[in-house]
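Scroll down for the structure; my scribbles are underneath it.
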Amino acid sequence: MTKELNASPHRRYNPLTDSWVLVSPHRAQRPWQGQVEKLPADTRPAHDPNCYLCAGNVRANGAQTPDYEDVFVFDNDFAALLPPLPSGEAKGDLGPLFIARPERGIARVICFSPRHDLTMAQMETVDIRKVVDAWVDEYRTLGAESFINYVQIFENKGAIMGCSNPHPHGQIWAQESVPDEPMKKQIAQLKYWETNKSSLLADYIKEELVLTERILFENEHFVSLVPFWAVWPFEAMIVPKRHLPRITDMTDDERNGLADAYRRLTALYDRLFDTSFPYSSGIHQAPTDGEAHQEWHFHFVFYPPLLRSATVKKFMVGYEMLANPQRDITPEKAAEMLRDLLET
Ligand code: H2U
C-alpha cells in the first residue's frame, strides 16, 4: 500500500493534530553540502562538582541539592510559570487585537539519576522505572492543584536541542490552560471518540500491528513505532496497548513496560548514528481539569533532530516555516533503519 504511495510526492494527514506533512521520497538521495554540526565531546565524570544537578551540589541560585540516590524532583529555580501571586493577577486583554491572559503554573526539574555520565538509554530498566514512578507522582500531585489543568512532562536531550546541562534530566511544566499541541490532540480524539465510540490511538495501533512496516518493537503493554504522519526523520511514538487516558491509570506491570520501551527506543536511537542521540520527548495525556477525558489515549512522542548522521540535522526552515512540514526519507524507511538495529 505505502509502496505505491512512496513512488511520488504526497501529503500525509496526522489525525491526532489535524495537520499535514509533505513527503518527497525521491529527494532522499540529494547531495548534502550544508551545515555539519560539531559532535560534543562526551567524557563526563560520574559526578561533576560544577554541575547544578549533581547530588550534593549547590545550584545556580544558591539552593542546596541533597545527596539523592535515585530520582530527584525540585521546583525549577528559573521557572517559566509561577503559582498564584498573593498580590493578585496581571491584567488581562488590552483589546480584541491585544489579547493576553494571566497564566499560573508550576515548573519542576526532574533529575533521572545522580550519575552525571548516564542517559536514559544507558540506565537500567529498574532505574527508569523509578523515573516513571516520579512522573506518575508529579502528574497526580500537580494535577490535584485547583489551578493546574494540564501537566506537560518532557525530556529535552542534547546540546543540539538547546539542553543546558548534560546531566540526565527532564522537566515538568504544569499550568492553568491546556497548551496548543495537547489541545489539538484533545479536539481530534474527542471528535473520533464521539463518532466511533473508540480510542483513535487504540484503533490506529491495532492497524499498525497488522501492517508492521512502521513498528519498531512491542512488549506486553506498549508499542513503539514511527507514525504514518511523522514529521521529523526518526520521529517515534510509544503507545500503550490498553486505552489509558493518563499515566496514573497504568498498572504496576505497565509502568515496567513503559520503562522497558523508553530504554529500548532510546538505546536504538543511540545505535543509529553511533552517538548519544538528541531528542525532545514527552507525554501527551488527559488534562487535569477534573473531567474523565475518556477520549484521551496517553502516549509518548519523540522528536529527534538528526537526519543523516550524528552531525547532520534536519532544519525546519523555508517551506516548513512558511507552509508545511516536509520530509524526504519516508517513515517506513526510517522504521526499517531503526528496526535493523534492534537488540538481539
Ligand atoms: P534544560 O537543560 O532542558 O534547559 O533544563 C534545565 C533546567 O534546570 C532549566 O529549566 C533549571 C533551568 O531553569 N535549573 C535550575 O532550576 N537550577 C539550577 O541551578 C540550574 C538549572
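The values are calculated or read from the model by the stated rules, or taken from the named source; none is laboratory data. Being a predicted model, the structure only gives us computed values, none of them experimental. Quick reminder, even Gly has a Cβ in these numbers, built from the backbone with ideal geometry, and neighbours come from all protein chains shown. Surface accessibility is based on the protein's heavy atoms, side chains included, excluding ligands, DNA and RNA. Shrake-Rupley method; radii C 1.70, N 1.55, O 1.52, S 1.80 Å.
Listed here are the residues, each with its yes/no results for (1) within 25 Å of Arg263 (Cα to Cα); (2) more than 16 Å from the ligand (Cβ to nearest atom).
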position	(1), (2)
Asn76	no, no
Asp133	yes, yes
Gly143	no, yes
Ser146	no, yes
* segment 160-215, subset within 15 Å of Ile283 (Cα to Cα) and in a helix (DSSP H, G or I), residue farthest from the ligand (Cβ to nearest atom) -> Leu201
* Return a yes/no flag: does segment 152-159 have any residue that is at pLDDT below 95, away from the ligand (no atom under 16 Å from the Cβ) and in contact with a strand residue (DSSP E or B) (Cβ under 9 Å, 6 or more places away or on another chain). => no
* Structure fact -> Across (1) within 16 Å of the ligand (Cβ to nearest atom); (2) not in a strand (DSSP E or B), Ile99 clears everything bar (1)
* **Qualifying positions in segment 48-58 - on the phi < 0 side of the Ramachandran plot and either over 26 Å from the mean Cα position of the chain (by Cα) or open to solvent by 50 Å² or more (accessible area, probe 1.4 Å) (or both)** => Asp48, Pro49, Asn50, Tyr52, Asn57, Val58
* **segment 302-327, residues that are open to solvent by 10 Å² or more (accessible area, probe 1.4 Å) and within 19 Å of Ile215 (Cα to Cα)** => Tyr303
* **Pair list, Cβ < 9 Å and 6+ apart or interchain, from segment 143-167 residues that are of a type in the set (Lys, Arg) to residues that are more than 8 Å from the ligand (Cβ to nearest atom) and open to solvent by 20 Å² or more (accessible area, probe 1.4 Å)** => Lys157/Pro166; Lys157/Ser276; Lys157/Ser280
* Would you mind finding the one in Asp289, Asp270, Asp249 that is over 23 Å from Arg12 (Cα atoms), of a type in the set (D, E, K, R) and under 18 Å from the mean Cα position of the chain (by Cα)? => Asp270
